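Since the structure comes first, as structure tokens, the remarks are kept for the end.
The values are calculated or read from the model by the stated rules, or taken from the named source; none is laboratory data. On a predicted model such as this, the values are computed, not experimentally measured, just so you know. No Cβ is skipped: glycine too gets one built from the backbone with ideal geometry, and neighbour counts run over all protein chains shown.
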Amino acid sequence: MKKFITMNQKLFGSIPSNSTLSDRIKIQKIAYLFQEKGLDLNLDFFWYIHGVFSYELWKDTVSDISEVDISSVQLTSSDLSVFSDLRNVREVMESLDSDKLELVSSILYWSNKYSKNINEPDIVDIVRAYKPRFSVDEVKYGVVILERLGFNSH
């Protein structure tokens, strides 16, 4: 959790808020994307109501995370490499609300589950089977967002 907060502060300039459900959904999705980018957060994610979910991360975000002491966190050279990669897509990440983060993390999760080389029509079908509230066009747009973030979802 401390590494996630440190990276979030370094990338976005602030400690993430966890006061609302939307905030906690964003934390889950951003942590998942950070980890998929290569940041070693040592979190296990599985599928849940709002998409990818880590129980360990949820336990850590129940209390006020603004009070977590991150002064002793040392980022490794690997962490700094991930940070450099994320810095290049910071504006895209900042533009995503909790719904869009839920969508793109869901696309990435199911793409990874089934095959990294899955085609777009299959991604659309799979994601819509688990997240029917997203339209075909929204899922296709989510694929574009993932590519802008540097992920190859198909």
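Values as computed for the structure displayed
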item	result
Residues within segment 107-154 that are of a type in the set (A, V, I, L, M) and touching a residue at least 24 places away in the same chain (Cβ under 8 Å), tallied	10
Some residue of segment 62-84 being in contact with a Phe, Trp or Tyr (Cβ under 9 Å, 6 or more places away or on another chain), at pLDDT 70 or above and buried (at least 17 other Cβ atoms within 10 Å of the Cβ)	yes
Any chance Leu103 is surrounded by 15 or more Cβ atoms within 10 Å (Cβ to Cβ), modelled with pLDDT under 85 and under 24 Å from Ser17 (Cβ atoms)	no
Test: residue in segment 122-145 that is among the polar types (S, T, N, Q), surrounded by fewer than 12 Cβ atoms within 10 Å (Cβ to Cβ) and either outside any loop (DSSP other than H, G, I, E, B) or at pLDDT below 85 (or both)	no
In segment 102-137, the residues that are of a type outside the set (Gly, Ala, Ser) and within 24 Å of Leu86 (Cβ to Cβ)	Glu102, Leu103, Val104, Ile107, Leu108, Tyr109, Trp110, Asn112, Lys113, Lys116, Ile123, Val127
Pairs with Cβ under 8 Å, 6+ apart, first in segment 29-54 and of a type in the set (S, T, N, Q), second not in a loop (DSSP other than H, G, I, E, B)	Ser54/Gln28; Ser54/Ala31; Ser54/Tyr32; Ser54/Phe46
Test: residue in segment 16-33 that is crowded, with 21+ Cβ neighbours inside 10 Å, small (Gly, Ala, Ser) and at pLDDT 80 or above	yes
